[in-house]
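What follows is calculated from the coordinates using simple rules that are stated; it is not laboratory data. Predicted model, so just to flag it, every value in this text is computed and none were measured.
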Amino acid sequence: MEQSANTLHCLNCGRSEHEVPLVTLRYGSEARWICSQCFPLLIHHPERLSGKLPRAEQFGAAAPDEH
């Protein structure tokens with residue numbers, strides 16, 4: 001989703017920084033934002049961000065914790 005003049009939006013759900021907390025991430029020399037509710041998607045199911053984050057389908061999920 002495009003950023004309006006001074007408002008940032010989640011790359012997945014499109015909600016603004018005025019609606020939910022956003023986390024900044026750097027990828028491909030660009031800053032992007034994802035909300036705290038969509039962040040687990042980035043970790044566990046990055047392929048679901050395909051089309052919203054370049055090459056997301058190639059990331060693979062985080063390895064399960066073996067402790």
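I need the fraction of alpha carbon pairs in the stretch 6-54 separated by more than 17 Å, rounded to a whole percent.
27
What are the ³J(HN,Hα) values, in whole Hz, obtained from phi via the Karplus relation 6.51 cos²θ - 1.76 cosθ + 1.60 with θ = phi - 60°, for each residue of the stretch 42-59 in sequence order, with x given for Gly and Pro?
4, 7, 9, 9, x, 4, 6, 9, 4, x, 10, 9, x, 6, 4, 5, 8, 5
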